[in-house]
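Down below is the structure, laid out as structure tokens.
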Amino acid sequence: MKDILSFSKNTLFVICFFFFHLANGQHSPIRIGLTLSGGGAKGLAHVGILKAIDSAGLKVDYITGTSMGSVVGSLYAIGYTGNEVEKIGRTTDWNSLLSNQISLRSISLEEKEEYGRYALELPLQRRKLNLPSGAIESQELWIKLSELYFPAYKIKNFNQLKIPFAGIATDISNGEAVVLDSGDLVTAIRASMAIPGVFTMVERKGKSLVDGGVTRNFPVSDAIVMGANYIIGSNVAQGFLPKEKLTNPIQILLQIAFTKEKLENKIQVALSDLYINQPLEKYSMANFDEADEILDSGINEGYKYYPRFKKLADSIAKIKGYFYKNLSSINYKDSVYITEHRVIGLARIKEAAFLHSLHFDEYSYYTPQKISEMLRRGYSTRDYNFIHYRLDTLYDGTAMIFFEVDESEPVTAKIGVHYNTFTSVSLLTNLTARNYFTPNSRSFLTINFGENFRVKTEHIQYFGRQKSFELIPSLQYEKIKINTFNNDFQKTGLYQMNYFVGDFKFQLANQRIITGGLGTRFESEKYVPDLSSIIEISGKDYYYTTYGFIHLNSLDKTVYPNKGIKLYAEAGWVFDQHPTISNKTSGDNISGLNSVSLNAENYTKGKLNIEFYKSINNKLVFMGFSQTGINFTNSANKFNTYFIGGLNSMYHNQILFAGLQDVQANSQSVSSAILGLRYKLLNNLYFIGKVNTLASNFIKNQSNDIPKWMSGAALTIAYNSLLGPIELSTMYSPQVKQLQAYVNLGFSF
């Protein structure tokens with residue numbers, strides 16, 4: 001009741017303002033105020049109102065907005081037309097902007113295999129896990145906003161925009177609304193849309209700011225304070241959700257967080273002269289996948305109100321001295337000449353190293369796109385939680401760029417969960433240290449706890465100004481249970497594989513797309529029966545491989561990419577093999593068969609893995625995969641074989657094949673090809689179809705234990721969850737003659 005009866009200072013001012021004018025009988029020229037509410041994805045519907053206002057030739061004198069309303073309103077205020085804002089709304093990848101993920105193409109290549117693979121990442125600060133102020137920082141959102149508002153970088157007083165503008169945020173320390181009408185426009189907009197607990201807070205002028213929707217989601221009173229005396233208000237926010245629609249914790253938290261604002265909203269609605277309540281009940285704040293539909297809904301609503309806008313514009317036009325607003329496009333400045341810089345926030349990393357990572361040089365022209373690329377280049381090192389910038393104009397007309405940087409903590413703890421038909425349930429834990437043991441380095445330790453134990457440690461030492469030369473030693477140990485199969489693909493036993501590999505390589509890298517180099521690795525394999533039987537066969541081998549490799553990755557996403565190529569090619573020389581096999585019955589060695597030596601000759605080998613993705617439209621993606629593994633010898637032993645089967649990469653020397661379970665077949669030489677289509681059913685929900693074929697043992701005189709040609713297919717329902725991809729598949733191969741299920745959840749080790 002207290003909240004209902006209480007009025008803000010702005011509301012009291014507005015009431016006094018109207019009573020003053022009524023008492024004095026004054027008739028002021030009409031000053032149109034446009035107020036746009038917050039509402040997440042639903043805020044895109046405001047664009048339809050802008051388009052109708054433009055079509056009617058109505059001049060808007062002031063704009064206020066909150067959250068997404070502040071985004072749409074401020075773009076209009078700096079000079080974008082309604083049509084141009086619509087184009088921005090339809091072409092922007094909102095899901096990428098409103099997440100913590102940037103395009104995989106912006107990540108340095110050696111980081112891509114680890115990027116985005118864990119459900120939870122927490123920095124270690126003073127030996128304690130540090131929880132962020134929100135789940136999402138969104139480097140890409142800052143970059144996109146900086147590009148969009150680049151034409152207005154000189155303006156620090158928002159009253160000097162083409163249309164005076166004010167946004168609303170909330171001071172988290174006292175819960176009061178903060179009017180954002182000056183300073184850096186990008187920072188102001190980002191603060192206005194920082195939903196508590198979802199986005200990180202924004203520090204501005206000594207205050208910690210979150211979404212203005214907490215306090216004043218529909219800021220009509222602020223437009224009146226600015227000078228408007230006729231308010232057009234577009235509201236996309238719904239009231240309190242009924243209890244039957246509160247179906248998840250996020251909805252409940254948002255209902256609680258915005259309780260005070262929903263009471264304030266009634267007061268703000270009453271102050272509107274032309275109130276537009278947009279019918280968007282079937283959409284939620286998070287429905288950015290439905291951006292086109294929401295925009296269309298807003299445009300239809302604009303059509304309905306166009307006659308009223310036109311009548312209002314014509315009436316105002318009769319007033320002497322009134323001029324229509326110029327509806328031409330924004331006066332866009334292509335570039336800026338930067339002569340000075342400042343870096344704020346560095347502690348452990350030297351400023352020179354930071355600038356080198358950006359490839360930044362003073363006394364150069366920069367377009368907003370070039371600055372964005374510069375920031376992505378620095379962010380790709382993963383040394384920073386974020387890199388923001390703002391521009392100030394100097395006395396001679398050139399610009400100074402201010403970089404605001406938040407360094408990553410030296411050590412980050414990561415946790416993930418994985419389940420797979422082959423490996424069962426696993427808990428993945430990771431510690432990653434940057435510049436911790438040596439300067440310009442990254443080290444990590446990953447442990448897979450579960451029925452199958454795995455551990456890997458790796459250290460990358462960077463050299464050179466651009467970190468383009470790298471030395472990478474690594475160690476890995478696995479203790480995995482695998483089934484064995486006969487030539488008819490029937491299960492014959494269960495073995496435990498102990499696998500160890502020590503690797504040392506150096507590489508030259510184009511940091512984000514391609515790298516190549518040389519290396520040598522030591523591998524040791526041991527197989528022992530996991531279940532006791534009358535006859536038990538165990539074996540082991542260790543050997544060395546010196547190899548050269550090329551690695552390319554231009555995919556745009558870690559999970560379900562829409563475009564790009566991923567390639568790994570390797571050619572190696574296998575030498576110094578020591579294979580042995582032991583046979584026992586009832587625990588005793590079988591006479592004459594114990595420690596039988598296997599072929600240990602040196603030989604060459606090669607492998608090639610290719611993935612290709614091409615987006616056909618916004619829902620359909622074509623996929624192509626090819627894997628080849630060849631041992632160039634007629635007498636390689638079973639320890640050197642390529643294992644065939646499975647839909648996800650789970651172990652070394654694996655060739656994926658839809659229709660076979662993991663390790664259900666093996667071959668000394670094999671080449672497979674997979675073609676597939678991925679269709680987006682709903683947000684993060686996909687249907688995937690794959691067909692494949694393979695040829696095996698095609699090197700002359702190699703033994704052929706499986707059919708020389710095989711084919712298969714798989715159908716998958718997949719969901720991209722917070723834990724990673726969840727995939728339920730069914731697959732079939734005519735050679736196996738058995739319909740098989742395959743399940744995968746999350747990312748594998």
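The values are calculated or read from the model by the stated rules, or taken from the named source; none is laboratory data. Values in this document were obtained by computation on a predicted structure and should not be read as measured data. Please note: Cβ atoms are built from the backbone with ideal geometry, for glycine as well, and neighbour counts cover all protein chains shown. Surface areas here come from the heavy atoms of the whole protein model, side chains and all, with no ligands, DNA or RNA. Shrake-Rupley method; radii C 1.70, N 1.55, O 1.52, S 1.80 Å.
Taken along the Cα-to-beta-carbon direction at a fixed 7 Å, the label points for Ala317 and Asn277 span 3.2 nm. Amide H contacts for Lys557 (H built 1.01 Å from N in the peptide plane; partners 5 or more residues away or on another chain; cut-off under 5 Å): Leu104, Asn562, Lys563. Think of the chain as having a plus end and a minus end, set by charges on the Cβ of Lys, Arg, Asp and Glu; of Leu355, Leu36, Gln654, Leu36 sits farthest toward the positive end of this dipole. For GluC sites (Glu not before Pro), no site in segment 116-222 is both called loop by DSSP and has at most 10 other Cβ atoms within 10 Å.
Based on C-alpha pairs under 8 angstrom that are at least 6 apart in sequence, the chain has a relative contact order of 10 percent. Each 5 Å bin from 0 upward holds the following percent of the Cα-Cα pairs of segment 398-510: 2, 9, 13, 15, 15, 13, 11, 8, 5, 4, 2, 1, 1, 0, 0, 0. With a 1.4 Å probe and all protein chains left in place, how much of the accessible area of the chain comes from carbon and sulfur atoms, in whole percent? That fraction is 58 percent. Dividing the convex hull volume of the alpha-carbon atoms in the chain by its residue count gives 185 Å³ per residue.
For a paramagnetic label modelled on Thr339 (point 7 Å from Cα along Cα→Cβ), amide N atoms under 18 Å away belong, within segment 148-188, to 154. The distance from the alpha carbon centre of segment 336-363 to that of segment 650-712 is 49 Å, rounded to a whole number. Using the 1.4 Å probe convention, the accessible area of segment 130-229 works out to 32 Å² per residue with neighbouring protein chains retained. Note on Glu176 and Leu445: their simple-model spin labels are 5.0 nm apart, each label 7 Å out from Cα toward Cβ. Structure note, pairs Lys112/Lys690; Lys162/Lys205; Lys154/Lys557; Lys491/Lys566; Lys605/Lys708: Cα-Cα distances above 28 angstrom occur for Lys154/Lys557; Lys491/Lys566.
Normalised per residue, the accessible area of segment 616-746 is 41 Å², obtained with a 1.4 Å probe and no contribution from ligands, DNA or RNA.
Taken one residue at a time, the phi angles of segment 42-50 give Karplus couplings (6.51, -1.76, 1.60, θ = phi - 60°) of 5, x, 5, 5, 4, 4, x, 5, 4 Hz. Gly and Pro are set to x. Modelled this way, with points 7 Å down the Cα-to-C-beta line, the labels at Ser626 and Ser711 are 1.9 nm from one another.
For the chain, adding -39500 (n - 2.57) for each run of n ≥ 4 DSSP H residues and dividing by the number of residues yields -6000 deg cm²/dmol at 222 nm. As a ratio to 2.2 N^0.38 Å, the alpha-carbon radius of gyration computed for segment 476-557 takes the value 1.56.
Between His578 and Thr367, the contour length at 0.36 nm per residue exceeds the alpha carbon distance by 69.9 nm.
Per residue, the solvent-accessible area of segment 448-564 (1.4 Å probe, heavy atoms of protein chains only, all protein chains present) comes to 47 Å².
Which of the trypsin sites (Lys or Arg not before Pro) found in segment 667-749 are loop residues per DSSP with 10 or fewer other Cβ atoms within 10 Å of their Cβ? Taking segment 667-749 and a limit of 10 other Cβ atoms within 10 Å, the loop trypsin sites (Lys or Arg not before Pro) found are Lys700, Lys737.
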